[in-house]
Structures are given as structure tokens and as C-alpha cells.
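What follows is a single structure, written as C-alpha cells, with notes after it.
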Amino acid sequence: MSKPSKLALVPFVSVDNMMNLVNAIGPARMIAEIAEYIEQDFKRWEQFDKTPRVAAHSDEGVIELMPTSDGESYGFKYVNGHPANMARGFQTVTAFGVLARVDNGYPVLLSEMTILTALRTAATSALVAKYLAPESAGTMAMIGNGAQCEFQALAFQQVVGIHTVRLHDIDTEATEKAARNLQATGLKVVTCASAQEAVTGAQIITTCTADKQYATILTDNMVGSGVHINAIGGDCPGKTELHRDILLRSDIFVEYPPQTRIEGEIQQLDPDHQVTELWRVMTGQVPGRSSPEQITLFDSVGFATEDFSALRYVRDQLERYPHFVDLDMLADPDDPRDLFGMVARAAT
């Protein structure tokens, strides 16, 4: 049987190879470099096809497809979100993604995206904070110490320059896990018994909890003036983390309003409530943080262009860091009209 042609082979980055890639580059550096790719793509926002993710909701969670294209490349991510999974021994979020050529439709990369989503989510958070956080912010409260926690801490250390992270989770084992994993990072890690204690003295507040319900992780009295809130846990209909009054006191920044109004914290507000699109901030069309007293809120739900950026980044690293295998994924007969003949000849 003949070997597959080069056109039939698609680079595949498995979980094992993604871990090898992260460790070869270094997680903090990789997050910072992904943030640069995300920023590049936000700055050419108008080139992208944009649509809210296609979501299939159930009582247990959600399965989503997140597609986009810049006219030259097409990318999509498959991702789930099942908050009850942890108690059943499964990951809350798993994902994979594809990057393809628009001109002929051929995939050029297939990659795991469970780890990559964690990296790109942290990269996006820190990138946005670069524009919105108070000047010289050094302390972040991290409320919710699950799978995303350490990535967020590293991202804010590398991109924003924080030196202290204050951890709180209702699950003390999660906090102990995060503190242990962050020991060698150079960050000062403070474990806190409550969310109120965690936000004390913090200029940046990150909320990242998993319960699929309307929740009040931050109450209005906990948020003083001059802070930046990085709200990344509320990311589907019926799931929020912040009291509505906090939103009314904040200047709110979003990725893509049609999606965020359905899934984000602003689902609590009127459909025409004023929000600012991040691409306009990054292109200099509108200001980000405009005063020391301002409360800025990144209502983060994750958008397809960020996954596209992350896949684009991984593809660009594979020549230098060949942590992938080639999959014989595309049927490529010598004569494009003779797919049956290719199958029949394989039997001989």
C-alpha cells in the first residue's frame, strides 16, 4: 500500500505534545506570546467573520462550536462546559480545535485545546488588564482556585507585573493546590478565608468560579473605586458572578456584544446598556482606563478570534518546536475524481 501524500497529512498536537510545547517554551512566556497574537488579531478585528458561538445547552452543561475566519485562514474550537464534571471525576472543560486554509479548505493544524484554552484565557485576561488595570497594579485577588487559577496568576505576573496574588475558594483543597503550584513562580501567595479578605488591598479582582447558576461572588460593598475586575466565570446564560449594582458602577468592556449580552455578566442589564468593545480600545479609537477612580470591568466570555489566535500561534511554533505527529487525515487520490479507485487499490 502506498504511503499517504504530503497533502493528506495534518499536524496533530496531542495533549502530551502540548505539554511538551508549553514546557519547551515556558508557560509564562507562552502566555505572553499568545497575548501578543491575540492583540494583533483584535487590532484587525474588522477582517474577521464574527458570530456568537453555536451552543447546545443541557441540564448538565453546554457543548459549543466557536468558528471564525480572517479570509485567509479558518478556525474553530469544540469546547464543553460541565460544572458538575469535577465531582464525577471529569474535567469541567475539554476542547480541541482546527485551523484550515480558506483557499482550498484543507486543515493545516489539529490540536488539543483543553490546555491551550487555559493559556489563551489567561493571555486574554492579562492583555485586557494591560489596557484597563490601574497603573502600577501589584496585587490581584483570585476568587475561584480551580483549573484556570495558576494560568491567570502567571499571566498577570508576566504581562501586567503583579507581585502578589490573594487566593480564595470555598474548596480549601483547591486553594492549597493553587498555592502549592505557585510556590516557585516568585509571586507572593496569600491564602484567604473569604472573598472579602481576598479583595482587601487588591487593585485587580479576578473571579473564576464554576457553578452554573446566578451567583453573587462579589457584592457591591466589596468593590471600592479604582479597581479592575476581570470577570471570567460567568460565561453562559443563567450563570453570573457579580451583583448587578457592581455593573452599574463600572465601565464595562466586552469582546463581542451580541455574545456577551447573552452569556456574560451584562445579561443582568438592559439590552441597550452601554458597553465598550475591546478592539476599539486596542486600536486607539476609544480610551480604556481614563481615571484612577474608575472601576473597569472586563466581562469576559471568550470569543472565537482568541482561539484562532492561539491556534495560529501554535502552528507558528511547530517548525522550531516539532512537538506534533502527522495524521493521515485527508483522502488525497492521485486523480481527484477517482476516490473509489483509491479505496479499491488499497485492498490489493
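Residues that are closer than 22 Å to VAL15 by Cα, aromatic (Phe, Trp, Tyr) and at pLDDT 95 or above do not occur anywhere in the stretch 48-71. You will find that of PRO322, PRO333, PRO271, the residue that is more than 30 Å from ILE252 (Cβ to Cβ), free of Cβ contacts under 8 Å to residues at least 12 places away in the same chain and under 25 Å from the mean Cα position of the chain (by Cα) is PRO322 and no other. When HIS82 is tested against (1) in contact with a helix residue (DSSP H, G or I) (Cβ under 7 Å, 6 or more places away or on another chain); (2) under 28 Å from ALA198 (Cβ atoms); (3) not hydrophobic (A, V, I, L, M, F, W, C), just one condition goes unmet, and that condition is (1).
If only residues of the stretch 75-91 that are outside any helix (DSSP H, G or I) and surrounded by fewer than 18 Cβ atoms within 10 Å (Cβ to Cβ) are counted, the one that is modelled with the highest pLDDT is TYR78.
Would you check if there is a residue in the stretch 112-123 being at pLDDT 95 or above, part of a strand (DSSP E or B) and not hydroxyl-bearing (Ser, Thr, Tyr)? Checked the stretch 112-123: at least one residue is at pLDDT 95 or above, part of a strand (DSSP E or B) and not hydroxyl-bearing (Ser, Thr, Tyr).
Can GLY233 be described as touching a residue at least 40 places away in the same chain (Cβ under 8 Å), surrounded by 14 or more Cβ atoms within 10 Å (Cβ to Cβ) and in contact with a Cys (Cβ under 6 Å, 6 or more places away or on another chain)? For GLY233, the condition - touching a residue at least 40 places away in the same chain (Cβ under 8 Å), surrounded by 14 or more Cβ atoms within 10 Å (Cβ to Cβ) and in contact with a Cys (Cβ under 6 Å, 6 or more places away or on another chain) - is met.
Against the definition (crowded, with 23+ Cβ neighbours inside 10 Å and within 24 Å of ARG166 (Cβ to Cβ)), how does PHE298 come out, yes or no? In short, yes. Among the residues of the stretch 161-173, just one is within 19 Å of PRO27 (Cβ to Cβ), surrounded by fewer than 21 Cβ atoms within 10 Å (Cβ to Cβ) and either touching a helix residue (DSSP H, G or I) at 6+ places or on another chain (Cβ under 9 Å) or aliphatic (A, V, I, L, M) (or both), namely HIS163. Between SER225, SER250, SER194, the distinction of being modelled with pLDDT of 90 or more, closer than 26 Å to GLN274 by Cβ, touching a strand residue (DSSP E or B) at 6+ places or on another chain (Cβ under 7 Å) and among the small types (Gly, Ala, Ser) belongs to SER250 only. Just one of (1) buried (at least 17 other Cβ atoms within 10 Å of the Cβ); (2) at pLDDT 95 or above; (3) assigned to a loop (DSSP other than H, G, I, E, B); (4) not hydrophobic (A, V, I, L, M, F, W, C) fails for ASP103. It is (1).
Which members of the stretch 191-206 meet the condition of being over 24 Å from the mean Cα position of the chain (by Cα) and either more than 14 Å from ASN145 (Cβ to Cβ) or surrounded by fewer than 18 Cβ atoms within 10 Å (Cβ to Cβ) (or both)? If the condition is that a residue be over 24 Å from the mean Cα position of the chain (by Cα) and either more than 14 Å from ASN145 (Cβ to Cβ) or surrounded by fewer than 18 Cβ atoms within 10 Å (Cβ to Cβ) (or both), then THR191, ALA193, SER194, GLN196, GLU197, THR200, GLY201 are the ones that fit. Only a single criterion out of (1) assigned to a strand (DSSP E or B); (2) in contact with a His (Cβ under 8 Å, 6 or more places away or on another chain); (3) not hydroxyl-bearing (Ser, Thr, Tyr) is not satisfied by VAL108, namely (2).
ASN145 fulfils the conditions (1) out of contact with any strand residue (DSSP E or B) (no Cβ under 7 Å at 6 or more places or on another chain); (2) farther than 22 Å from LEU278 by Cβ; (3) touching a residue at least 12 places away in the same chain (Cβ under 8 Å); (4) not in a helix (DSSP H, G or I) except for a single criterion, (1). (1) over 20 Å from PHE76 (Cα atoms); (2) surrounded by fewer than 22 Cβ atoms within 10 Å (Cβ to Cβ): which one isn't true of GLN317, the others all being true? Evaluating GLN317 over (1) over 20 Å from PHE76 (Cα atoms); (2) surrounded by fewer than 22 Cβ atoms within 10 Å (Cβ to Cβ) leaves (1) as the failure.
The values are calculated or read from the model by the stated rules, or taken from the named source; none is laboratory data. Everything numeric here is computed off the predicted structure, so don't read it as measured data. Counting neighbours? That spans all protein chains shown, and the Cβs are built from the backbone with ideal geometry, glycine included.
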